[in-house]
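Written out below as structure tokens is the structure these notes cover.
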Amino acid sequence: MVLFMAVPAFPQRTKSSLSAGEQRHAERGLKNSRYFFYFINTTVSNSGTEREKELYSEAARRDLLARILYLKFEFHNSFTEIKRSQILLLELMKLITEREMKEAMSLLHEFAPYVLQTGDNAAKKYLSLGYRASNESGQVQMIADNLPETNYSIRLYEYIKALKLAKYAKRYAIIALIENRIDPADKGKAQYNDYDKKSELIDRYLSDESERLKAIHFDNYYKIKENASFYDQVMLNPDLESIPEYEKYREENY
């Protein structure tokens with residue numbers, strides 16, 4: 001009798017299965033990046049520093065290149081560029097969240113003496129909510145900072161949470177000051193979730209600083225002035241030739 005040794009049969013990854021896997025990774029990465037660019041664009045367009053705009057431009061160019069490569073079925077190269085783009089976005093998001101948190105805390109500290117001096121309960125409540133959102137923003141950013149470096153998308157989503165919380169802190173700071181000055185007859189009637197009505201309240205009760213505070217209010221609702229989108233400006237002239245790897249990708253197709 002002939003005995004056969006049982007050997008476990010491991011599935012072999014064929015070229016087509018590897019390509020399908022790379023396609024899925026690239027597709028998921030591009031979908032995530034689309035959200036990241038959309039979300040960050042408001043802050044960069046409204047108040048971005050030169051360094052922030054430089055990082056955003058380079059990341060956007062590489063993301064565009066990744067999309068071109070994906071359409072050409074070069075999924076491996078596409079995913080490589082997605083990772084390079086997201087590494088730049090991570091540096092950018094760290095800068096933005098730190099700046100926004102600093103500005104939120106500065107605004108809260110600026111308004112706190114006025115609120116505490118009058119002792120208005122509603123104003124103190126909103127001020128407290130602002131400080132809580134600001135502290136939570138710092139905690140979430142710390143989580144993002146300490147996640148494994150290669151978890152690009154997960155870290156970016158955490159930075160976005162931190163940025164949202166910083167903007168909430170600014171919203172509460174402005175509401176606290178309005179509540180501190182609002183006409184007693186209007187107490188409890190203000191619609192702070194309505195963008196236009198809140199703008200009117202800023203004009204009415206914070207007229208001495210309405211221009212500065214309305215700019216913050218505008219940004220807090222993720223609005224961008226017409227024709228001021230920085231992402232659109234980059235896409236009008238992406239200058240892909242400035243990417244060192246661009247020529248290599250072109251040569252590989254000839």
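Every number here is computed from the coordinates shown, using simple stated rules; none is lab data. Predicted model, so just to flag it, every value in this text is computed and none were measured. Because the Cβ atoms are built from the backbone with ideal geometry, glycine has one as well, and the counts that use them run over all protein chains shown.
What the table shows:
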quantity: Cα centroid of the range 113-165 to Cα centroid of the range 52-72, whole Å; calculated: 30 Å
quantity: Computed Rg/Rh of the range 127-223, alpha carbon atoms with Kirkwood Rh; calculated: 1.10
quantity: Against the rule of thumb 2.2 N^0.38 Å, how large the Cα Rg of the range 67-202 comes out; calculated: 1.40
quantity: Distance histogram in 5 Å bins (all Cα pairs of the range 143-189, percent per bin); calculated: 5, 19, 17, 11, 11, 9, 8, 7, 7, 4, 1, 0
quantity: (1) 62, 44, 34; (2) 96, 55, 27; (3) 44, 44, 40, with the label sought being that of the calculated Cα extents along the principal axes in Å; calculated: (2)
quantity: Cα pair distances of the range 22-118 binned at 5 Å [whole percent]; calculated: 2, 13, 21, 16, 13, 10, 8, 5, 4, 3, 2, 1, 1
quantity: Rounded FRET efficiency, nearest 0.05, which uses the C-beta distance separating residue 223 from residue 121 and R0 of 35 Å; calculated: 0.65
quantity: Normalised contact order of the chain, rounded percent, pairs of Cα under 8 Å and 6 or more residues apart; calculated: 23 percent
quantity: Estimated dipole of the range 113-254 in Debye, rounded to 20 [Cβ of Lys and Arg +1, of Asp and Glu -1, Cα centre]; calculated: 960 debye
